[in-house]
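Everything on this sheet refers to the single structure shown next.
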Amino acid sequence: MAHGFPMKEQIPAIQSEALAQIAAAADERTLEEVRVGVLGKKGTLTLAAAGMKDVPKEDKAEVGQLLNAARSAIATALETKQAALQELADLAALAGIDVTLPARPLATGALHPLTQIRDEAIAILRRMGFALADGPEIEDEFHCFDALNTPADHPARNEKDTFYFDSGKLLRTHTSSVQIRTMESAKPPVRIIAPGSAYRRDEIDATHLSVFNQLEGLYVGTDVSLPDLKGTLEYFFHELFGPETEVRFRPHFFPFTEPSFEIDVKLTVKGQAPRWIEVAGCGMVDPAVFESINQTRKDKAFDPETVTGFAFGMGLDRLAMIRWGIKDIRLLIENDVRFLKQFA
Ligand code: DAH
């Protein structure tokens, strides 16, 4: 009996039929149908393979080889066709897209102009040996005024000018309170800067807000002189605004310094006559401030006979307005992206 014979013909027939179907498949779904139709549980080749058990012993090897050959030829053809169809699909998906175009720029953030000018000011002063110090924004009258030699009837202490809480505490009207907080806990030499917010009940307009930013400085030691103060601040403004910037010290009054000055820098705005603009207050620390500190400390660490010092306070908002020619201080707090973008 030629039992193996039909199988020997059947298998190559299944194989060539399958290869023809694979070649004809135009999409991945059709190809999958072909695969299932041939190699699936009830596929033609699977069913044929089930007939192996009836093949006479002497034909088993040959039929087995035919089966294996068919299976692998079909699998290879399926794989190749699958890859080809995938590539066609990819090309279709990309049709009309130029993948060599540069990517769209990502919208990145940037530092606020106030942050930029503050960081620059800090960097310059740190190079000169000033360390960062800090103090609370909710202050008491002692640190904001009394210890700074500011008498009870001084206009700065008026409720019309200062935000008071019911508790009697207040929103600090200047960063000068950090001078006091620092000297209470450190001994000379003291060389600190304290950037931070200050609050006043000002009428809001193009140059005033009820919250603004200051940077306080204090240098106390055994030989600190007025030339040190002038040299330090002249250097500072030259670094910040350029070496050609003119700086002048105008005699003024502050309760906590004697003598006191206001500092102006000469501004040259394109198309405008150069003008002086006030940027800071400064002076030599008043001995009365040291006396008050010693009383609080209950020692003589800041003996006005042996230590001297200078202090300064500048408006950071004003510095930013000068640096970039910003005409309205309110722009600094409105967070309008069209404005802020210019500083990115
Ligand atoms: N605290 C003053 C103000 O807010 C500025 C100031 C003036 C600070 C003189 C100082 C100084 O340290 O010595 O107007």
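So, R0 is 51 Å and r is the distance between the beta-carbons of Ala84 and Thr108; what FRET efficiency does that work out to, to 0.05? Once the sixth-power term is evaluated, E becomes 0.75. Using a Gaussian network for the chain with springs between C-alpha atoms less than 10 Å apart, which of these wobbles most: Ile193, Ile204, Ile11? Of the options given, Ile11 has the highest mean-square fluctuation. For the range 321-329, the Karplus equation 6.51 cos²θ - 1.76 cosθ + 1.60, evaluated at θ = phi - 60°, returns couplings of 4, 5, 4, 10, x, 7, 8, 10, 4 Hz by residue, with Gly and Pro reported as x.
Ligands, DNA and RNA are left out, and with a 1.4 angstrom probe the accessible area of the range 121-229 is 48 Å² per residue.
Could you check the simple spin-label distance between His154 and Ala288, using points 7 Å along Cα→Cβ, in nm with one decimal? About 0.8 nm, to one decimal. Using only alpha carbons, the chain has a radius of gyration to Kirkwood radius ratio (Rg to Rh) of 1.57. Remark: the Thr296-Ile122 segment gains 59.7 nm on full extension, using 0.36 nm per residue and subtracting the alpha carbon distance.
Listed by chain and number, the lysines placed with their C-alpha closer than 24 angstrom to that of Lys341 are Lys270, Lys327; residues fewer than eight positions away on the same chain are left out. Taking Cβ atoms as reference points and 11 Å as the exclusive limit, the residues near Ser260 contribute a net charge of -2, counting Lys and Arg as +1 and Asp and Glu as -1. Subtracting the Cα-Cα distance of Asp202 and Gln272 from 0.36 nm times their residue separation leaves 22.4 nm of extension gain.
By the Kirkwood approach, averaging reciprocal distances over each pair of separate Cα atoms, the range 51-92 gets a hydrodynamic radius of 12.4 Å.
For the chain, the longest principal axis of the Cα atoms and the long axis of helix 287-297 meet at an angle of about 60 degrees.
Of the cross-linked pairs Lys8/Lys53; Lys230/Lys298; Lys169/Lys230, those separated by over 25 Å at the C-alpha level are Lys230/Lys298; Lys169/Lys230.
Close amide H partners of Ala280, meaning residues 5 or more places away or on another chain with modelled amide H under 5 Å apart, are Ile263. In this simple spin-label approximation, Gln342 and Ser210 carry label points 7 Å from Cα along the Cα→Cβ vector, and these lie 2.7 nm apart. The C-alpha atoms of the chain define a longest principal axis, and helix 226-241 lies at about 30 degrees to it. Summed over qualifying helices (DSSP H, 4 residues or more, each -39500 (n - 2.57)) and divided by its residue number, the chain shows a 222 nm mean residue ellipticity of -13500 deg cm²/dmol.
Treating cross-link reach as a plain straight distance, find the aspartates and glutamates whose alpha-carbon is under 19 Å from the alpha-carbon of Lys57, omitting any fewer than eight places away in the same chain. Qualifying aspartates and glutamates at Cα under 19 Å: Glu9.
Annotation: for a label point projected 7 angstrom from Cα along Cα→Cβ of Ser185, residues of the range 272-297 with backbone N closer than 15 Å are 297. Within the shell defined by Cβ-Cβ distances under 14 Å, the residues around Asp27 carry a net charge of -2, with Lys and Arg each +1 and Asp and Glu each -1. Among the GluC sites (Glu not before Pro) in the range 217-250, those placed in a DSSP loop whose Cβ has at most 12 other Cβ atoms within 10 Å are Glu244.
When +1 charges are put on Lys and Arg Cβ atoms and -1 charges on Asp and Glu Cβ atoms, the dipole computed for the range 186-344 relative to its Cα centre reaches about 440 debye. Backbone amide hydrogens, once placed in the peptide plane, bring His252 within less than 5 Å of Ser260, Phe261, Glu262, excluding anything fewer than 5 places away on its chain. Taking only alpha carbon atoms, the range 7-94 gives an Rg to Rh ratio of 1.09, where Rh is the Kirkwood radius. Note on Lys41: aspartates and glutamates with a C-alpha under 20 Å away, same-chain residues under 8 apart excluded, are Glu17, Glu28, Glu32, Glu33, Asp54, Glu79. The length gained by stretching the chain between Thr30 and Glu305 to full extension, at 0.36 nm per residue less their Cα-Cα distance, is 89.0 nm. Of the GluC sites (Glu not before Pro) found in the range 89-166, those that fall in a DSSP loop while having at most 12 other beta-carbon atoms within 10 Å are Glu159.
The values are calculated or read from the model by the stated rules, or taken from the named source; none is laboratory data. Because the structure is a prediction, the values reported are computed rather than measured. So basically every Cβ, Gly included, is an ideal-geometry build from the backbone, and we count neighbours across all protein chains shown. These area figures cover heavy atoms from the full protein model, side chains too; ligands, DNA and RNA do not enter into them. Shrake-Rupley method; radii C 1.70, N 1.55, O 1.52, S 1.80 Å.
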